[in-house]
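For reference, the structure is listed below as structure tokens.
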Amino acid sequence: MLINRSRIRTFAGASLLVTAAMFATACQSDEDTSSGSSDSSASAEATTGADTGKDNASGSEAGSSDGKDKGSQDGSGADTGNGERGKVGQACGANDISWSTRSETQAGGYILVIAKAKPGITCTLPAALPTVAFGSDGTEAGPAEQAVGPAITLGKGTTAYAGVNPKTTKENGGKELDSIIVGIGDEDPNPVSLPVGTITVDEPIVTNWHTSAADAVPFGGTDQ
């Protein structure tokens, strides 16, 4: 009986050891599985984040490209002469316009200023008096009309005219010049000098912009 009991205890102990070993192995397996699952999740999240970053980068590049393309389209128009291209729908500057002048005999003689938008440009002359200056002393033409006219959009065959009377006094005297300086308002950064032949300047006046040359006759003046 003692031998049998000893064998029973030995077998029981061995069984406990085997059970403990199996339990430890199972726990280790669970930990490995849990660790593998966590690593897989982390890897999936990292991949998703990387893909999202790529998508965002692609979106940024597309937006940048779209902005560049749109900017290029908005800048289409004619060469303004300074390396840039005029934009459609802008307010006119002197360098957006093809200028010419001619002498007229009506109203004692005056200069007709003719303004056409350059090819590819549509721009607006403001409802304001043209800026016309004479010489380097800052002499400017005063208004020949009591009120300013409407704004005029140049382009598509539209031409604007303004009449300049360089001398409105009857007395002798004045300064002699052979050109006038024209700008679109006092703040125009690119006024142009237009040849007009020899003229005598004394209290000059200028009309508003008109779409008909017949309306751009500078009647009036201090002595008329």
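The values are calculated or read from the model by the stated rules, or taken from the named source; none is laboratory data. On a predicted model such as this, the values are computed, not experimentally measured, just so you know. A quick note on method: Cβ atoms are made from the backbone with ideal geometry, for glycine too, and the neighbour counts reach across all protein chains shown. All accessible areas refer to the heavy atoms of the entire protein, side chains included, with ligands and DNA or RNA removed. Shrake-Rupley method; radii C 1.70, N 1.55, O 1.52, S 1.80 Å.
For region 187-194, take each phi angle, set θ = phi - 60°, evaluate the Karplus expression 6.51 cos²θ - 1.76 cosθ + 1.60, and give the result in whole Hz per residue in order, putting x for glycine and proline.
Result, ordered by residue: 9, 4, x, 10, x, 10, 9, 10 Hz.
Run the simple label-point estimate for Val148 and Phe219 please: 7 Å along Cα→C-beta, distance reported in nm.
Label-label distance for Val148 and Phe219, simple model: 2.4 nm.
Between Thr169 and Asn190, how high is the FRET efficiency from 1/(1 + (r/R0)^6) when r is the Cβ-Cβ distance and R₀ = 25 Å? Nearest 0.05.
On the way: r = 31 Å, r/R0 = 1.25.
Working from the Cβ atoms, E equals 0.20.
Could you work out the per residue convex hull volume over the alpha carbons of region 120-212, in cubic angstrom? Walk me through the intermediate numbers first.
On the way: hull volume 10.6 nm³, N = 93.
Hull volume normalised by residue count: 114 Å³.
Send over a whole-number figure in Å² for the accessible area per residue of region 85-159, probe 1.4 Å.
Accessible surface, normalised per residue, equals 50 Å².
Give me, ordered by chain and number, the residues 5 or more places off Ala117 or on other chains with an amide H under 5 Å from its own placed amide H.
Correct list: Ser98, Gly155.
Packing-wise, with mean Cβ within 10 Å as the measure, how do 129-139, 186-196 rank, highest first? Could you put the intermediate results ahead of the total?
Numbers: 129-139: 16.5, 186-196: 13.5.
The packing order, highest mean first, is 129-139, 186-196.
From the phi of every residue in region 135-146, what ³J(HN,Hα) in whole Hz does the Karplus formula 6.51 cos²θ - 1.76 cosθ + 1.60 yield, where θ is phi - 60° and glycine or proline is x?
Running phi through 6.51 cos²θ - 1.76 cosθ + 1.60 with θ = phi - 60° gives x, 8, 8, x, 5, 10, 6, x, x, 8, 10, 6 Hz.
Taking the Cα atoms of region 102-165, report the difference between the largest and smallest coordinate on each principal axis, in whole Å and largest first.
Principal extents (Cα only, largest first): 34, 27, 23 Å.
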